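Report on one structure; see the data block that follows.
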Protein chains: 4
Amino acid sequence: MRTVSFRTVVKNYKAVFFDAFGVLKNHQGLINGIENTFNYLESKGIPYYVLTNDSSRSPDELAKWYQKRGLKCITTDKILSSGMLAMEFFKTKLENGKAVAYLGTKASAHYLETAGQKTVPISEVDLNDLDHIKSFAFLDDEGFDWNKDIDKTINLLRHKNMTVIVANTDINYPVNKNDISVAIGGLADLVEQILGKTFIRFGKPDAQMFLLAYERALKDVPDIKRNEILMVGDTLFTDIIGGNKFGLDTVLVLSGNTLPDMASVRIGSSGIIPTYVCESAVIQ
Amino acid sequence: MRTVSFRTVVKNYKAVFFDAFGVLKNHQGLINGIENTFNYLESKGIPYYVLTNDSSRSPDELAKWYQKRGLKCITTDKILSSGMLAMEFFKTKLENGKAVAYLGTKASAHYLETAGQKTVPISEVDLNDLDHIKSFAFLDDEGFDWNKDIDKTINLLRHKNMTVIVANTDINYPVNKNDISVAIGGLADLVEQILGKTFIRFGKPDAQMFLLAYERALKDVPDIKRNEILMVGDTLFTDIIGGNKFGLDTVLVLSGNTLPDMASVRIGSSGIIPTYVCESAVIQ
Amino acid sequence: MRTVSFRTVVKNYKAVFFDAFGVLKNHQGLINGIENTFNYLESKGIPYYVLTNDSSRSPDELAKWYQKRGLKCITTDKILSSGMLAMEFFKTKLENGKAVAYLGTKASAHYLETAGQKTVPISEVDLNDLDHIKSFAFLDDEGFDWNKDIDKTINLLRHKNMTVIVANTDINYPVNKNDISVAIGGLADLVEQILGKTFIRFGKPDAQMFLLAYERALKDVPDIKRNEILMVGDTLFTDIIGGNKFGLDTVLVLSGNTLPDMASVRIGSSGIIPTYVCESAVIQ
Amino acid sequence: MRTVSFRTVVKNYKAVFFDAFGVLKNHQGLINGIENTFNYLESKGIPYYVLTNDSSRSPDELAKWYQKRGLKCITTDKILSSGMLAMEFFKTKLENGKAVAYLGTKASAHYLETAGQKTVPISEVDLNDLDHIKSFAFLDDEGFDWNKDIDKTINLLRHKNMTVIVANTDINYPVNKNDISVAIGGLADLVEQILGKTFIRFGKPDAQMFLLAYERALKDVPDIKRNEILMVGDTLFTDIIGGNKFGLDTVLVLSGNTLPDMASVRIGSSGIIPTYVCESAVIQ
């Protein structure tokens, strides 16, 4: 796989969208040297944003993670998460006294509460008294008892027909160098298959995620065109195909999900072709 | 299924998005009385748009179809088709001397040509000389020899890795009261499955189709909010789930794909819940 | 849906295969009056067998369940379970000192142990020492910690490539009149999707389940032809399509999964057509 | 990928099942030197059989192909085709005056006619007079007009609910060194998806195909055990997983579908593990 230097690519764009995991960080923390990239972008006046399929924590908390590790420039307003799409979705759907039931941690319910919703974890739902439950959200794979609460979710959705949203399309995520974990999107797939229903999903590669970031970029760079934006990601099936379809130029970096020795095979077999391939998003 | 009158619903919105087939027209022509609906919307100053997964003909030709049948108000600028998304996609992707190969009629290639692209029907591609072919588009189910040209498409995409777009997500369409026909989206599914590749698809329920219409509406009604727009459709899996997800209010009409006696079962089993259900979009 | 009496149907066959849940029993116990059916079959000398996608308990234990409730005639040799196919599979695959890891209860491991295998529950596997693990079996949805052991299974199968079997193809099962639970087949689907691997599955509608029962029937009725056997089931997608494909005649009974008011719609929409439809397998 | 010699493997078995394409023949004819393998098997008295997902021609015609090219030992009784399973299926399903409609060549209808069925190609079906049509068979990808007859099949199956069988599970097949063609199984997938129905499919990796061959082998080697039979194939997803599941030992050969440089990656990513890997089935 012939790669090009990230510096020679990025300098031609008016804004940059970064995927988080595998691009800016990995299981050990920040990717070595990534602060140089942000120094460079700041020096050139190129704005940047982080697009993440993470609905487990608020944008504030996500930004703090970077700041604690020295990347002060990643402020809350730079973060675009799939949880924010869930929040947008619920903003106008207030109904007196009715609540959204959810699978996830208390922290992940933040998005719903910011949208003005009452929330109730599935463990506290009474299946015999569903009048005040109006919809359901899959938010995070932690914060509940899988042995009990997945079945309880299935039966809730069998007893009462309601709108269901999934705030993260990923089916798994890395937990350390060797291991992965089922993500909430994977559990949502299982429930959807068993019920034969169709849920509303938010997150890359879906266009709404890119639209959210594009509308943010328009505020910083009025009249920016889509093909003046560079999407940087490590995953063909989310970052790259989603960016391509939305009309962005795309860089596949080999510092995460797609390993250097398999990149060429994967691009060939998937038919998902990035505009560029770079070793990483680090600028030396 | 309890239905409400379309008039009582539509009067509360600042703009209306209509699906075409099953809502405004059927296999016999315009739906009886639908002109009243447009007279009403004109009288109230509510703008309207037609969102169609039709990439076989240009917006001009699509508009003419309505005008010939007396609906003079459906002008080209009211039409938003999935073919236009394909056109947008290709607009910035000009490469000297390189062409887009396609499956479809000469008329369907209009979208690519408007985007400045050279085009070549698959029948005229020489599989031994692919240097000047850069990408492929599935446009229409007519205009080619299925016995030969589907296999030829498969082998073209095996011989050269290229970006592939599908300009219509539908897998079939009605041809008369009783019969349906395979749509180009269905053929694209077949080719995708055989190749194991992932194509870029345009059309409802994808957010980009709704975004295209929303951006058009913003020009007529500055600052219009998504939940001030009503999406009217006959199909749960395209019009309604797509509208719901994009934040629109939705009406399922029972004049097309979803028959009155099955509406309630289908809403229950799919979990796709329209804001309203109306017999049709006709205002008496 | 026009139904016929089970007695008029069954008397024309030389052997009967019964599905268990929804046909012979439900969440409350034996189906009312089903003992008459077995009295009838005994009086006519028509042999019968129970085919079940149940790998959680041994044939002995499954038979005891019926005997305790008064159906003395359901002896161990009448039971054909998907767990027995797993057992057959492993019988010839002994490797010195190597063990089969599994998800399930200790009781479900019985099938592997009967096949001479050493077994180890996933919770006791050391991911850093996999030399003595040779294959993996999905056996039962109970007996482990879903929060931990599903992820551990995924990572085991990432670290070492091995043959994986699923001893029950069902994705859910009923737990009471209103509620269902995820079955081990559903969890196997989730793991398979995340890994992109293909597991070996045992159970209806797969032909091997019917073959197991057919070989048993041949011992009782030498030279019996497939179309002289009647398969009785409540589920189109397992009992009926599997029976049809294997060349058996089939009865759909409406005492379980397929409710009387939906039977006609389901047969029409699935294209899976039973030879007969009966209210239940009970003979008055 | 470490490979072993086919001779050292095959000598330990009491019977051999061969896949045809990629093992015994390719687009150019017989695989070079394959006659030595059959001389060897004959000299050792090891019986052999050819298992093929080919429903386009009768066993007689399939055998003649080998004989014309010098392999006299491949006689009709050595051939087990998926078409024969279709024939078995229809043997007992005679209904006075009723016919099976089909997609395929006249030659492919042989299997149905041998089963005593009246047949009618889809092109000759009158959609307004379906009383005498009782079922449908997907037989071959040739012999009909794809532009017309695929749609006609879809509408036939919409107008009348009937049992549908697919006599070949393959979705594509090679036509020369570089090119492939859609197989009838691929067209059946398309029709199934559009209709939302479930067809009955015959062919590897389904157990019924292996059962057919096993029953044939039992006649030649009474009491032969499944693990005394070697299945030789070039495709992990049909030959190898099907053979493994049925309890046979399996050889993956690298002379067809699975190329030497990808074998190790494919086995690792699919989790389908052959007992052995050999360069080819040729014995020098």
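The values are calculated or read from the model by the stated rules, or taken from the named source; none is laboratory data. No experiment lies behind these values; they were computed from the predicted model shown. FYI the Cβ positions are ideal-geometry reconstructions off the backbone, even for glycines, and counts take in every protein chain you see. Surface accessibility is based on the protein's heavy atoms, side chains included, excluding ligands, DNA and RNA. Shrake-Rupley method; radii C 1.70, N 1.55, O 1.52, S 1.80 Å.
In order along the stretch B:241-246, the Karplus-derived 3J(HN,Hα) couplings, from 6.51 cos²θ - 1.76 cosθ + 1.60 at θ = phi - 60°, round to 5, x, x, 3, 5, 6 Hz, and Gly and Pro are given as x. Each principal axis of the Cα atoms in the stretch B:154-284 has its own extent, and those three values, largest first, are 55, 41, 26 angstrom. Summarising the overall dimensions of the stretch D:146-219 from its C-alpha atoms, the Rg and Dmax are 15.2, 46 angstrom. Remark: the stretch A:85-188 is approximated by an ellipsoid whose semi-axes, taken from the C-alpha gyration tensor as √(5λ), come to 24, 16, 11 Å, largest first. Let me know the whole percent of all Cα-Cα pairs from the stretch D:44-137 that are separated by more than 17 Å. Counting pairs separated by more than 17 Å, the tail of P(r) holds 54 percent.
Report the FRET efficiency, 1/(1 + (r/R0)^6), for B:K44 and D:K118, where r is their Cβ-Cβ distance and R0 is 56 Å, rounded to 0.05. Could the numbers behind the result be given before it?
Details: r = 63 Å, r/R0 = 1.12.
After rounding to 0.05, the efficiency reads 0.35.
Near the amide H of A:D54, within less than 5 Å, lie the amide hydrogens of A:S82, A:G83, all on another chain or at least 5 residues away, with H placed in the peptide plane.
Could you please report the charge total around C:K98, scoring K, R as +1 and D, E as -1 over all other residues with beta-carbon less than 12 angstrom from its beta-carbon?
Numbers: positive: C:K93, C:K118, C:K134, C:K160; negative: C:E95, C:D131.
Net local charge, C:K98 excluded: +2.
Mind grabbing the interface size between B and A? I mean buried accessible area, both sides, 1.4 Å probe, in Å² to the nearest hundred.
Buried area between the two chains comes out at roughly 2600 Å².
Using a simple spin-label model with pseudo-atoms 7 Å out from Cα toward Cβ, C:Q284 and B:K72 lie 7.1 nm apart. Over the protein assembly as shown, accessible surface divided per residue gives 39 Å², non-protein components excluded, 1.4 Å probe. Residues of the stretch C:194-213 buried by at least 20 Å² of accessible area upon assembly of all protein chains, compared with the chain on its own (1.4 Å probe): C:I194, C:K197, C:T198, C:I200, C:D206, C:A207, C:Q208, C:L211.
Element breakdown for the stretch C:78-134 at a 1.4 angstrom probe: carbon and sulfur atoms account for 47% of the accessible area.
Interface residues of the stretch A:91-105, defined as those losing at least 20 Å² of solvent-accessible heavy-atom surface relative to the isolated chain (probe radius 1.4 Å), are listed as A:T92, A:K93.
What FRET efficiency, computed as 1/(1 + (r/R0)^6) with R0 = 41 Å and r the Cβ-Cβ distance, is obtained for C:R158 and A:A107, rounded to the nearest 0.05?
Details: r = 28 Å, r/R0 = 0.69.
After rounding to 0.05, the efficiency reads 0.90.
The order of the peptides B:161-174, C:54-67 by mean Cβ neighbours within 10 Å, most packed first, is B:161-174, C:54-67.
Count the DSSP beta bridges whose two residues both fall in the protein assembly as shown, then state the antiparallel fraction as a percent rounded to the nearest 5.
Antiparallel: roughly 15 percent of the beta bridges in the protein assembly as shown.
If you take all C-alpha pairs in the protein assembly as shown, what percent of them are over 45 Å apart? Distances greater than 45 Å cover 38 percent of the Cα pairs. Only the Cβ atoms of Lys and Arg (+1) and of Asp and Glu (-1) were treated as charged; on that basis the dipole of the stretch C:137-224 about its Cα centre amounts to roughly 280 debye. Where the alpha-carbon atoms of chain C are placed on the principal axes, they occupy 61, 39, 33 Å, in descending order.
Taking a cut-off of 19 Å between Cα atoms, list the lysines near C:K25, but don't count ones fewer than 8 places away on the same chain. Straight-line reach from C:K25, under 19 Å: C:K64, C:K68, C:K72, C:K78, C:K177, C:K204. Per residue in the stretch B:260-284, which ones lose no less than 40 Å² of accessible surface when going from chain alone to all protein chains (1.4 Å probe)? Residues of the stretch B:260-284 that lose at least 40 Å² of accessible area once the other chains are added: B:G271, B:I273.
About its Cα centre, the dipole of the stretch B:205-284 is roughly 160 debye, where the only charges are +1 on Lys and Arg Cβ and -1 on Asp and Glu Cβ.
Under the Kirkwood approximation applied to all pairs of distinct alpha-carbon atoms, what is the hydrodynamic radius of the stretch A:1-160 in Å? Walk me through the numbers before you get to the answer.
Details: mean 1/r = 0.0557 Å⁻¹.
Roughly 18.0 Å, rounded to one decimal.
Taking R0 as 25 Å, what FRET efficiency do you get between B:D129 and A:N227 from their Cβ-Cβ distance, rounded to the nearest 0.05?
Approximately 0.30, to the nearest 0.05.
Summary value for chain C: 24 percent relative contact order, contacts being C-alpha pairs under 8 angstrom separated by 6+ residues. For the stretch D:119-278, what proportion of DSSP beta bridges, expressed in % and rounded to the nearest 5, is antiparallel? So the antiparallel bridges in the stretch D:119-278 amount to around 20 percent. Take every Cα pair under 8 Å whose residues are at least 6 apart in sequence, average their separation, divide by the length of the stretch D:126-284, and the relative contact order is 15 percent. Under 16 Å of direct C-alpha separation, and excluding same-chain neighbours fewer than eight residues apart, A:K91 reaches these aspartates and glutamates: A:E113, B:E228, B:D249.
For the stretch D:197-284, which whole percent of the accessible surface, found with a 1.4 angstrom probe, sits on carbon and sulfur atoms? Don't jump to the answer; show the numbers that get you there.
Numbers: 1620 of 3040 Å².
On the stretch D:197-284, the fraction of accessible area on carbon and sulfur atoms equals 53 percent.
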